[in-house]
Amino acid sequence: MALTVSVPPLGALPPEELDGISFADDPHMLFVPIEEIARTLGWETHFDQEEISLNGHLLDVAHLRKLTNGTLLVPLDELQRAGATITWSDDGMQALVASDNKNIAIQFADKRVEVDLANQHLRAYQGARLVLDSPISSGREGKKTPPGEFKAGPIKSPMHRSRLYHNAPMPWSVQVHENIFIHGFRKVPRHPSSHGCIRLPLTGANPAKWFYNWIDLGTPVSIKGHWPLATTTSAPVRIEKSAPPPRSFLRRVIIATVITIAGTLVIWFTSRGRGKI
């Protein structure tokens, strides 16, 4: 008895799938992390000061982008210049990147945002890929950020101003619900401190600007959790019991009190005696 095993040709194997990263300010471009796509395609990368090459092709640095953690992103058209063959699906939502019998399907995955009020954190995803992980400050006591399921917009502005709070500047603003926005702020402590909005840092890699450039109007924004308890933001105050005063001090107090009372009585009796003469 002979056993026959049919092995499909390599080109017939289903392609490996990756979630691409897109940006609202250039929605038709699709990006992938350089090191990830190089590893998947078996290409070499070379970093030399300000020059970066991929598969022997010098990349145009002006076309690259970064995640806030420093991960470099390359657009698909640069992969094509580096030697890959790119075929787009009919709906334009997926690109098949091929090189040396390796096929990678890169798609425009759906975006979503999760806000964790209890831990004061925001995470943004495109498909299964985490693209932003940042601390936030939500609304303080009396001005709590409402939990719920929302969608980004319709207001989105690089410089929105608050009509409720003296025209205060709100850079890189994305509306979430009524007067609740996700926006940048110069100080973002890891505890609630806003008037209800969700503050992202403007410092460092500027997560507020990155988030603004990435998020699309209509992106789902899920705000979950409860306003953190005071014990999670500050250590409980320890009340120390007062130590009893030493005996010598008590003795002095008692003696002084007796002398004062005795002196008062002497003066009172003396004054009465004089009044009778």
Subset of region 204-222 [open to solvent by 30 Å² or more (accessible area, probe 1.4 Å), outside any helix (DSSP H, G or I) and of a type in the set (S, T, N, Q)]: N206
Residue count, region 43-55 (criterion: open to solvent by 80 Å² or more (accessible area, probe 1.4 Å) and not polar (S, T, N, Q)): 5
Qualifying positions in region 72-94 - open to solvent by less than 80 Å² (accessible area, probe 1.4 Å) and under 21 Å from E51 (Cβ atoms): L72, L73, V74, P75, L76, D77, E78, L79, A82, G83, A84
Search result, residues across region 167-217 that are closer than 15 Å to H121 by Cβ and within 13 Å of the chain's Cα centre (by Cα): I182, V188, P189, R190, H191, I198, R199, L200, P201, P207, A208, F211
Filter result for P154 (open to solvent by less than 60 Å² (accessible area, probe 1.4 Å), outside any strand (DSSP E or B), over 22 Å from F31 (Cα atoms) and not acidic (D, E)): no
The lone exception for R140 - which of (1) in contact with a strand residue (DSSP E or B) (Cβ under 7 Å, 6 or more places away or on another chain); (2) closer than 22 Å to P207 by Cβ; (3) of a type outside the set (G, A, S); (4) at pLDDT 95 or above it fails: (4)
Hits in region 26-43 (condition: part of a helix (DSSP H, G or I) and of a type in the set (G, A, S)): A38
Flag if A124 is modelled with pLDDT of 95 or more, part of a loop (DSSP other than H, G, I, E, B), within 17 Å of P220 (Cα to Cα) and aliphatic (A, V, I, L, M): no
Scan of region 127-145 for residues that are aliphatic (A, V, I, L, M) and surrounded by fewer than 20 Cβ atoms within 10 Å (Cβ to Cβ), ordered by number: A128, L130
Tabulated pairs, region 118-145, first on the phi > 0 side of the Ramachandran plot, second modelled with pLDDT of 95 or more and assigned to a strand (DSSP E or B), C-beta under 7 angstrom, 6+ apart or interchain: Q120/P135; Q120/S137; G127/D19
Subset tally (residues that are closer than 30 Å to E149 by Cα and of a type in the set (A, V, I, L, M)) for region 86-119: 7
Test: residue in region 42-59 that is on the phi > 0 side of the Ramachandran plot and in contact with a Gly (Cβ under 7 Å, 6 or more places away or on another chain): yes
Qualifying residue in region 37-58 (condition: within 25 Å of T219 (Cα to Cα) and at pLDDT 95 or above): no
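The values are calculated or read from the model by the stated rules, or taken from the named source; none is laboratory data. All figures in this text were calculated on a predicted structure; none of them were measured in a lab. Here the Cβ is made from the backbone with ideal geometry for all residues, glycine too, and neighbour counts use every protein chain on show. Protein only, heavy atoms only, side chains kept; ligands, DNA and RNA dropped before computing areas. Shrake-Rupley method; radii C 1.70, N 1.55, O 1.52, S 1.80 Å.
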